[in-house]
Every structure is written in C-alpha cells, then in structure tokens.
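Report on the structure given below.
The values are calculated or read from the model by the stated rules, or taken from the named source; none is laboratory data. Note that this is a predicted model, so its numbers are computed, not measured. Virtual Cβ from ideal backbone geometry, glycine too; neighbours counted across all protein chains shown. Ligands, DNA and RNA are excluded from the accessible area calculation, which covers all protein heavy atoms including side chains. Shrake-Rupley method; radii C 1.70, N 1.55, O 1.52, S 1.80 Å.
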Amino acid sequence: MTAETVQVVVIGGGATGTGILRDLALRGISAILVEQGDLAHGTSSRFHGLLHSGARYAVKDKEAARECLEENMILRRIAPNCVENIGGLFVQLPEDDPAYAEQWLVACAEAGIKTEEMDLQELRRNTPILNAQVTRAFKVPDCAVDGFRVLWSNVNSARRHGARLLTYHRVIGIRQSNGQVIGVELVNELTGEKKYIACDMIINAAGAWAGEVAALAGLEINVIKDKGTLVAYNHRLTKQIVNRLRPPGDGDIFVPHGTITIFGTTSVTVNDAACTKPGDSEVAELIKTGQDMIPELENYRLIRAFAGVRPLYQEGNSAGGRDVTRNFALLDHQEKDGLQGFISIVGGKFTTFRLMAEKTVDLAAKRLGVTAACRTAEEPLAAPVDPALLERGKRVFGVPGAKKAADRLGDSFAKVVEEAERNPDQRKIFCECEVVSLAEIAHVAQDGDSFTLGDIRRKTRMGMGTCQGTFCSYRTLGALSGYPQFAGNHKDYLTKFLQKRWKGIRPVMWGQQLREAQLSSAIYCSLFGLERMK
C-alpha cells in the first residue's frame, strides 16, 4: 500500500469539496481531495444549473435568500466564464394565491433582492411560449451556471497553489489514534490499488454520501436523501429563467442552459445516494405540471431525463421533502463527538458552495493554528481571456467555437489555440452540437484526470447536445485511441458511454427523440455491428 502525508484530506469532489480545496490552498494549507468517481459525480452535476438570486427562498428563509444573493454576485465577479447572466422571471398564474405575491415582494425587499414588475403585453411579446393567462410577472437577478466548469475551475485554481486531486479513489477506512484522526485508506476504483494518506484533519464534504463516510469513523450523521428529477429540452424555450410565483414545489423552474433548457424538479425521499434513475411516472407528472406555465410543453422535443439526490440535513430529522431546510450545517465532531480532526459540512445549495467552503475552512484553520484569511471571494477563478487571443481562436475554431472553448477552458485556452495554429488537423470540430474541437478533446485527454469517455464529456460537453453522443462519441474514441488510458477494448468504452446516455433517453423516448434513438441504434448496432464487436 502506497502512502503519503498531507495536512488535510477533503472527501467529496462536488462544488463544496472543490471549493474547500481551493480555500485551503489559498491559505497555504497542504491538502488533497479524494473522490470516488469523476468530479461532479453526485449532486453538483444533477441540478437545473440555476444560480439563485435568493428570490425562491425569500418568504420561507430570509437568511438563506440573503446568502444566495451575496454568493450570486460573488460568483458573477470571480467566475464570469461559468455564469450566464440572463436574468430570471417569477410568473403568477390565475390559480396561484395573489396574497403570496405581495408577501414575496415584501420578503424580497427585506432580503435586498431587486424585483421589477413587467408589463404583461411586453411579457407576451418577449416570451410568447408562456401561458397567456399569466396575471403578474417580475424580473429578478437569477443566472444560469455551469456546474462542471465551476468545479474544474476550483480545482485548477487550487492546483496552482499546490493542492492535489485523486479521482476514482473511494475511502474505505479512517484511521484514528487516541481520539484523533490520523489518516484515510483508499482504493483506486479503476485499478484496485490501495493507498494510505496520513493527515492531521479530514473534511467530510461527501454530499449524499456524508453519512456513509462518517460511519467509517464510527460517527452518525442523518443525511436526508432527497431525489429530484429533471428533464432537458433540445433548445432554449425561453430567453430568461422562469420560476412560478408560489411556494416552492415540483415542476416550477425552467432554466435555459447552453443550447438546451432544463426543467425541474421533483422531491422524493430515497434511501440510496446513488438513486439517480428517473422514473417514467415522475417524468410524465413533471411535464403535466409544467404545462400550467407552458401549455404546449408536451409538444417540444425532450432529449433526456436525469435525477440527482439532494443531501439535506435537518437537526433531529424533524421534517421531510420540501419542508426540510435548504441551509447548510457545519458539524465539528471534536465538540460534537469528541473526535479531533474530523469536520463534516452537510446540506446547502450549489449557489452557496463558496460560503460553505469558507465557513468550513475557517474552522479547519482555527484547529490547525493557521491565521491566513479567506481570499476566495476576491481572487478570480480564471484570468479573463485576452481579446487578441480570442481573435486568434476565432480564426482556427470559428466565432461560436472560440467563444465556447474560451469559456470552457479558461486559463488553458491559450495552449489549445496554439496547438490548433500549429496543426490544422486539430481544428476539426468533433461535436457539432456543443462545438468541441479535436484540439480541446486532445488537451483534456492528456491532463492526467481523464480515464473514460464520460470524463471527456464532463470537461468538454462533448455528447451533451441534441444528438446525445450519437455522432461524436465514436469520432472522439477514434481520436483518443493513441492515449494509453484509451488503448483498451473500444467496445467497452463505447458501451459504457452509450448506456449512460441511454439511461437518460429511455424515459423520454417518444416523438422526435424516438426517431433519434432509432437512428442511433441503426448506426451502432447495424452499421458498426457493436453487438458483434470484440
């Protein structure tokens, strides 16, 4: 068993875990993050991509609303390449309680959230897809956010300050001595190799798996696993994010995101943190509910359904479903359970991940005797792209391709442009839906953290557009065959990738998406003979 030493081990590669890694690194604390899958393996890639303004929580929890607004503004400032500032709408339907709108307006004002009532004629001109019976509509400062991009930007920033990352490493043991944690035992999920990391402190940021991690240390955390199902449409249905103006419930948020629209969500308590299979009935009920806001919703093309498990935390488990708080809780197990060097951060929302990380590292730094202050709200996650570099990018990738690549790659964009300038073959676009070039795919393939086609997809968005990987997956695999980690059985790589795509396609297989699925089946099973491939 190999071994190494570090001050802090962070468990969990979601938004909070990567935010903690960055904060630790910026304060000069040596740290390593371990994640059982790829980054965003859990909830951080399975949400609707909404960077809350806080308006959704204003009535029920003003403190959470203020936190959302503050973090919304911070993330816009430090990570503009990850945030799409498209604004949001809250719309009221005839069947919604008019008194709630007045209560909501007062609550937003008290939380500092700016609202502006829209003229309904203007609303119908700009967003004709909405129900014509909308009675009131208000603008709020909601944004769309790319979760994958935020997480990798956190890690890349942390790495520049000495932090490390181990993906596909699952924690199988937590060692203790005299009431103090001293290290973690890991197993590499790809190779089976075991590893030991000695440390002074462990931060449990494992999200829906936080209870299982705590149990390895002999502790109990009652994380409420709340499954939410969402669906994705093949184009942007609206220009802005649209929320329903009523108490939060199922099927009341549409988020235009990249080239698609994500609509959700539901709320069902489950027992398994890995319960991410969307049910047929959940999808049908979600669409039926959404038709209140967009009456023609069932006629638009769906490309997939997916689900995530929210890791909610309520002291004493005294609530369930929508009644459980969306706030976060910082658990100091030295005070709570007498185990030194073990901290858990549970609950919360993607929008407030940076604040959650700051509070967690404040406590960790205090325990470690480190006095450096948090800098994550001031230091950008990536440097702005130089306009001259963007122009060079446009000449090799085209205007839309260069802009998308610059946003996705951040500080690495210059290297990819230089490679494409040297080698014209690298300029080929392999994924037309998301405009991903061969140069970008080759760049992430050699970064040391890409082991599957799914890893390439999460970093580049290859396979996440309308065709769901039908055309770009085999092209990409062919291009990657020269890399050692992709030199194995190509049938295995393609099968695993396509099966995960199919998992989301099956619940929405009707109309145009059924035709697309038949085309995909014909390409892979008939033309390529995938079932007979060895």
Problem set entry | Every residue from the range 109-119 that is open to solvent by less than 60 Å² (accessible area, probe 1.4 Å) and within 15 Å of Gly88 (Cα to Cα) | Ile113, Thr115, Met118
Exercise. Regarding Asp250, is this residue open to solvent by less than 20 Å² (accessible area, probe 1.4 Å) and among the acidic types (Asp, Glu)?
Worked result: no
Problem set entry | Failed condition for Phe90, given (1) among the aromatic types (Phe, Trp, Tyr); (2) under 19 Å from Val255 (Cβ atoms); (3) surrounded by fewer than 18 Cβ atoms within 10 Å (Cβ to Cβ) | (3)
Exercise. Can you pull out the residues in the range 220-246 that are closer than 30 Å to Leu339 by Cβ, part of a strand (DSSP E or B), open to solvent by 10 Å² or more (accessible area, probe 1.4 Å) and not β-branched (Val, Ile, Thr)?
Worked result: Lys225
Exercise. Quick one: how many residues across the range 391-407 are within 20 Å of Arg458 (Cα to Cα), surrounded by fewer than 18 Cβ atoms within 10 Å (Cβ to Cβ) and of a type in the set (A, V, I, L, M)?
Worked result: 0
Problem set entry | Counted residues, the range 156-170 - those being among the basic types (Lys, Arg) and surrounded by 24 or more Cβ atoms within 10 Å (Cβ to Cβ) | 0
Problem set entry | Residue selected from the range 408-447 under the condition more than 30 Å from Leu166 (Cβ to Cβ), among the aliphatic types (A, V, I, L, M) and open to solvent by 10 Å² or more (accessible area, probe 1.4 Å), by the criterion nearest to the chain's Cα centre (by Cα) | Val435
Problem set entry | Breaking point among (1) in a helix (DSSP H, G or I); (2) surrounded by fewer than 24 Cβ atoms within 10 Å (Cβ to Cβ); (3) hydroxyl-bearing (Ser, Thr, Tyr), for Thr18 | (2)
Exercise. From Asn81, Asn72, which residue is touching a strand residue (DSSP E or B) at 6+ places or on another chain (Cβ under 9 Å), over 14 Å from Lys139 (Cβ atoms) and buried (at least 17 other Cβ atoms within 10 Å of the Cβ)?
Worked result: Asn72
Exercise. Could you say which residue among Glu110, Glu84 is in contact (Cβ under 8 Å) with a residue 12 or more places away in the chain and under 20 Å from Leu50 (Cβ atoms)?
Worked result: Glu84
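Okay, residues lined up against (1) assigned to a loop (DSSP other than H, G, I, E, B); (2) open to solvent by less than 10 Å² (accessible area, probe 1.4 Å); (3) more than 25 Å from Ala205 (Cα to Cα):
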position: Ala64; (1), (2), (3): no, yes, no
position: Cys68; (1), (2), (3): no, yes, no
position: Val106; (1), (2), (3): no, no, yes
position: Arg124; (1), (2), (3): no, no, yes
position: Leu130; (1), (2), (3): yes, no, yes
position: Lys139; (1), (2), (3): no, no, yes
Seminar exercise, completed: If we keep only residues of the range 287-308 that are more than 21 Å from the chain's Cα centre (by Cα) and open to solvent by less than 10 Å² (accessible area, probe 1.4 Å), then the residue nearest to Ile224 (Cα to Cα) is Gly290
For this session: Determine which single condition Ser481 fails, assuming it passes every other condition in (1) within 20 Å of the chain's Cα centre (by Cα); (2) under 30 Å from Asn188 (Cα atoms).
Result: (1)
For this session: Scan the range 324-377 for residues that are open to solvent by 20 Å² or more (accessible area, probe 1.4 Å), over 23 Å from Gln314 (Cβ atoms) and not in a helix (DSSP H, G or I) and report the count.
Result: 9
Exercise. Among the numbered criteria (1) over 20 Å from the mean Cα position of the chain (by Cα); (2) modelled with pLDDT of 95 or more, which single criterion is violated by Ile262?
Worked result: (1)
Exercise. Going by the structure shown, is Ser153 touching a residue at least 12 places away in the same chain (Cβ under 8 Å), assigned by the TED database to the domain that holds Thr351 and open to solvent by less than 10 Å² (accessible area, probe 1.4 Å)?
Worked result: no
For this session: Would you confirm whether any residue within the range 484-494 is closer than 29 Å to Tyr233 by Cα, assigned by the TED database to the domain that holds Val396, buried (at least 18 other Cβ atoms within 10 Å of the Cβ) and modelled with pLDDT under 90?
Result: yes
For this session: Identify the residue in the range 514-534 that is open to solvent by less than 20 Å² (accessible area, probe 1.4 Å) and within 29 Å of the chain's Cα centre (by Cα) and, among all such residues, is nearest to Tyr300 (Cα to Cα).
Result: Ala517
For this session: Select from the range 240-261 the residues that are among the polar types (S, T, N, Q) and in contact with a Pro (Cβ under 9 Å, 6 or more places away or on another chain) and list them in ascending order.
Result: Gln240
For this session: Kindly check whether there is at least one residue in the range 91-103 that is closer than 29 Å to Thr16 by Cα and either more than 27 Å from the chain's Cα centre (by Cα) or of a type outside the set (A, V, I, L, M) (or both).
Result: no
Exercise. Gly511: under 20 Å from Met462 (Cβ atoms) and surrounded by fewer than 17 Cβ atoms within 10 Å (Cβ to Cβ), yes or no?
Worked result: no
For this session: Please list, ordered by first then second residue, the pairs with beta carbon atoms under 8 Å, 6 or more apart or interchain, first in the range 90-104 and of a type outside the set (Ser, Thr, Tyr), second open to solvent by 90 Å² or more (accessible area, probe 1.4 Å).
Result: Leu93/Gln133; Pro94/Gln133
Exercise. Which condition number in (1) open to solvent by 10 Å² or more (accessible area, probe 1.4 Å); (2) under 20 Å from Val213 (Cα atoms) is the one that Gly37 fails?
Worked result: (1)
Exercise. Among the residues of the range 374-384, is any polar (S, T, N, Q) and either farther than 23 Å from Glu84 by Cβ or touching a Lys or Arg at 6+ places or on another chain (Cβ under 8 Å) (or both)?
Worked result: yes
